[in-house]
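Below is one structure; the comments refer to it alone.
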Amino acid sequence: MYVFTIPRVLRAIFRKRRKLLTHLFLQSIEALKLWMQSTLELPHGQIAAIAVVHTFGDYLGFHPHMHILAANGLIDAQNRFHPLDGNESVASLKEIFRNLFIKTLVNEKLISRKKADQLLSWKTSGFTLDAGDSATLPFDRKARRQFAEYMLRAPFSLEKIHWNEKTKQVIYRSKRSWHTKQNYQIYTAADFIAATVEHIPPKSQHTIRYYGRYSNKRRGWDAKNRIQSPQSTTIDISTRKPDSQSSEKTLFILP
């Protein structure tokens, strides 16, 4: 599972315009696809991924970010699966995502070119990527269930909510916040309700999308044409080009 996050300074763009979260879906998927295609040297390889957008952080603050559960490799035109070897650095994936996302915001006139240049110049970009420690094996049903539950979880946990009858306040306990240095936050009842309501998706907004081989259209086509699951293949990683020669570097420049 890959988790893509964006800087705090950009999050307000999406707070009142949730349809714009489509850009987060599209650019995170595109970045993952381009990174895998370059790493595996399969320019036409097809991804298989499920993307879920979350708008909440630990304490119900507005924090849009993307969770992508993806097959650990690509599928070629001959229906063969080419796996990643597990030793790839995801540093370039984060840079591809950052550049694609900022480029999109500029093209959509959501930020100025001056602001884009500023964001690209930051030593600490504010864009983060978590790819976990290792891939989950296909027969590990417990891990797959945990992934699904995590991706579809509610913005808050009932176990973390404590109602103080005397003060009429909600005490919400969670992990220690790097911002407040505390492991709890206190709300009035109205403020807590407002914080939770903010994460109810607008009508007709899709919070889960399927891409590549997992898309509904592709799965329907496969079923109609009786296409079987891809067959695994091995990859000779010794033939891959070093990162310094990769064409990914051309993606880091805004037009």
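Here are a few things to note about the model shown:
- If you filter the stretch 127-143 down to residues that are under 18 Å from VAL53 (Cα atoms) and not aromatic (Phe, Trp, Tyr), you find that the one that is surrounded by the fewest Cβ atoms within 10 Å (Cβ to Cβ) is GLY132.
- Every pair of residues 6+ apart whose Cβ atoms lie under 8 Å, when the first sits in the stretch 64-88 and is assigned by TED's automatic domain parsing to the domain that holds ALA51 while the second is assigned to a loop (DSSP other than H, G, I, E, B) and among the basic types (Lys, Arg): ALA71/ARG213; ILE75/ARG213
- Residue selected from the stretch 107-126 under the condition assigned to a loop (DSSP other than H, G, I, E, B) and among the polar types (S, T, N, Q), by the criterion surrounded by the fewest Cβ atoms within 10 Å (Cβ to Cβ): THR124
- HIS162 being more than 21 Å from the chain's Cα centre (by Cα), part of a loop (DSSP other than H, G, I, E, B) and more than 19 Å from THR207 (Cα to Cα): no
Every residue, every condition in (1) over 18 Å from TYR211 (Cα atoms); (2) hydroxyl-bearing (Ser, Thr, Tyr), yes or no:
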site	(1), (2)
LEU34	no, no
GLU41	yes, no
GLY61	yes, no
LEU69	no, no
SER92	yes, yes
ASN107	yes, no
ASP117	yes, no
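- Neighbours by Cβ (under 6 Å, 6+ apart or cross-chain): first from the stretch 189-209, at pLDDT below 95; second exposed (fewer than 14 other Cβ atoms within 10 Å of the Cβ): THR207/PRO201
- Just one of the numbered conditions (1) in contact with a helix residue (DSSP H, G or I) (Cβ under 7 Å, 6 or more places away or on another chain); (2) at pLDDT 95 or above is not true of LYS103: (1).
- Residue in the stretch 32-47 that is under 12 Å from the mean Cα position of the chain (by Cα) and either within 28 Å of GLN185 (Cβ to Cβ) or modelled with pLDDT under 95 (or both) present: no
- The stretch 210-234 - residue that is assigned to a loop (DSSP other than H, G, I, E, B) and modelled with pLDDT under 85 and, of those, surrounded by the most Cβ atoms within 10 Å (Cβ to Cβ): PRO230
The values are calculated or read from the model by the stated rules, or taken from the named source; none is laboratory data. Everything numeric in this text was worked out from a predicted model, so none of it was measured. Cβ: placed from backbone, ideal geometry, glycine included. Neighbour counts: every protein chain shown.
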